[in-house]
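The next block holds one structure in the form of structure tokens; read it before the comments.
The values are calculated or read from the model by the stated rules, or taken from the named source; none is laboratory data. Keep in mind that this is a model prediction, so the values were computed, not measured. Using ideal geometry, Cβ is built from the backbone for each residue, glycine included, and neighbour counts are taken over all protein chains shown. We work out accessible area using only protein heavy atoms, side chains counted, and drop any ligands, DNA or RNA first. Shrake-Rupley method; radii C 1.70, N 1.55, O 1.52, S 1.80 Å.
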Amino acid sequence: MDRLDAMLVFLAVVDTGSLSAAGRRLQAPLPTISRKVAELERHLGTQLLIRTSRRVELTEAAREYAIAARHILEQLQEAEQAVAGEYQEPRGELTVTAPTMFGELHVLPIASEFLAAHPKIDLRLFLTDVMVNVVEEHVHVAVRIGALEDSSLTARRVGSTRSITCASPGYLRAFGGPRAPEDLTGRDGVTYRGFVSSPWRYVRGASHVIAEPRARVAVNSPAAAVVAAKAGLGITRALDYQIASELRSGALTPLLEAFEVPALPIHLVFSGQGRLPLKVRAFLDWMAPRLQARLAAEGVGAPAGQPRPGA
């Protein structure tokens, strides 16, 4: 039995909650996963998993073993990184994830300059509006927009972003603009069901108001929502980094700014466990100040009513 391989399989079961899910992650058939866990249990002389119809439960021995196994594998990874030179100079493969439009607009331009300055680093940039588990998916750095929930991660704040209700000047000339959130009811809207939370929430004093237009156009891409709103198809709601150029040019007009919810923080997050390879430290030190400056230069997160740069 390959004990390290068995540890990896066991931890995959622990992290995913089932043998089948572990098999999908490791791209291994279910019988193989089950066999390796059984071999590990025989080797240790104790039961690790209590199998149910839907998922597996950990025994007390399994919880203790999972902690020890994770520590052993982290030490092995550090040793391999040291041998590969990742603690002597920035080198190797770097995996970064970010929301799709944010990554395209802001992360990739800065990362391109980073790669030019660090020729021994290869970047794997995973853009998705689905939250990625940094530890489970072996991601080095992730861009997070919104409140942070995982306290095991370390974070560097680089800015904030506002949720803005907006429409094209053409739409507003034809139908007028809402003066209060309730005025949205019955209006044509362009809705995006993805990263931006729904339903649309607004603040009036100490209370929250929920109101939104009827979905004349519904899309699953924030970029498509911006295009549809610019075409005058309805009122939309977007994060200000997604529409910064449209706000500057006047292609979209902000609405209901007095009722906006508080801005969302933007962080770079990474695993705080173990020693950071130089490639990760170099990327964070490069990305954080440049991203913060880039967002500020475009007025992303600026308070309502403040003139936007270049407007």
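Anything in region 243-260 that is open to solvent by less than 10 Å² (accessible area, probe 1.4 Å) and closer than 18 Å to Glu212 by Cβ? List them, or say none.
The first filter runs over region 243-260 and keeps only residues open to solvent by less than 10 Å² (accessible area, probe 1.4 Å), leaving 243-244, 252.
Selection gives Ile243, Leu252.
Does region 262-275 contain at least one residue that is surrounded by fewer than 14 Cβ atoms within 10 Å (Cβ to Cβ) and at pLDDT 90 or above?
Among the residues of region 262-275, at least one is surrounded by fewer than 14 Cβ atoms within 10 Å (Cβ to Cβ) and at pLDDT 90 or above, which makes the answer yes.
May I ask you to list pairs of residues, at least six apart or on different chains, whose Cβ atoms are under 6 Å apart, with the first in region 74-98 being in a helix (DSSP H, G or I) and the second being at pLDDT 80 or above?
Matching pairs, first to second residue: Gln81/Pro277.
Based on this model, can you work out whether Gly305 counts as more than 22 Å from the chain's Cα centre (by Cα), modelled with pLDDT of 95 or more and among the small types (Gly, Ala, Ser)?
Working: more than 22 Å from the chain's Cα centre (by Cα): yes; modelled with pLDDT of 95 or more: no; among the small types (Gly, Ala, Ser): yes.
Taking the combined requirement at face value, the residue does not satisfy it.
Restricting to region 285-309, what's the tally of residues that are open to solvent by 40 Å² or more (accessible area, probe 1.4 Å) and assigned to a helix (DSSP H, G or I)?
9
Could you say whether any residue in region 115-133 is outside any helix (DSSP H, G or I), more than 13 Å from the chain's Cα centre (by Cα), among the acidic types (Asp, Glu) and modelled with pLDDT of 90 or more? Even if it seems obvious, please write down each step before you answer.
Going through region 115-133, the residues outside any helix (DSSP H, G or I) turn out to be 118-133.
Subset that is more than 13 Å from the chain's Cα centre (by Cα): 118-124.
Next, only the ones that are among the acidic types (Asp, Glu) stay: 122.
Those left that are additionally modelled with pLDDT of 90 or more: 122.
Yes: one or more hits.
Here is a yes/no grid of residues against (1) of a type in the set (Asp, Glu); (2) within 21 Å of Glu89 (Cα to Cα); (3) in contact (Cβ under 8 Å) with a residue 12 or more places away in the chain:
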| residue | (1), (2), (3) |
| --- | --- |
| Val261 | no, no, yes |
| Ile266 | no, no, yes |
| Val269 | no, no, yes |
| Leu276 | no, yes, no |
| Val280 | no, yes, yes |
| Leu284 | no, yes, yes |
| Met287 | no, yes, yes |
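Please work out if Glu149 is under 28 Å from Leu4 (Cα atoms) and either modelled with pLDDT under 95 or surrounded by 14 or more Cβ atoms within 10 Å (Cβ to Cβ) (or both).
no
Would you be able to tell me the number of residues in region 33-71 that are under 16 Å from Leu4 (Cβ atoms) and polar (S, T, N, Q)?
Total meeting the criteria: 0.
Can you tell me which of (1) free of Cβ contacts under 8 Å to residues at least 24 places away in the same chain; (2) part of a strand (DSSP E or B) is the one Thr154 doesn't meet?
(1)
If you scan region 9-59, which residues turn out to be out of contact with any strand residue (DSSP E or B) (no Cβ under 8 Å at 6 or more places or on another chain) and among the β-branched types (Val, Ile, Thr)?
Correct list: Val9, Thr16, Thr32, Ile33, Thr46, Thr52.
I'd like to know if region 206-224 contains one or more residues that are at pLDDT 95 or above and in contact with a helix residue (DSSP H, G or I) (Cβ under 9 Å, 6 or more places away or on another chain). Write out each step before concluding.
Pass one, region 206-224, residues at pLDDT 95 or above: none.
Checked against the condition, which is being at pLDDT 95 or above and in contact with a helix residue (DSSP H, G or I) (Cβ under 9 Å, 6 or more places away or on another chain), region 206-224 yields no hits at all.
Take the conditions open to solvent by 50 Å² or more (accessible area, probe 1.4 Å), of a type in the set (Lys, Arg) and in contact (Cβ under 8 Å) with a residue 24 or more places away in the chain and apply them to Arg216. Does it pass? Before you say what the answer is, go through the steps one by one.
Working: open to solvent by 50 Å² or more (accessible area, probe 1.4 Å): yes; of a type in the set (Lys, Arg): yes; in contact (Cβ under 8 Å) with a residue 24 or more places away in the chain: yes.
So Arg216 fits the description; yes.
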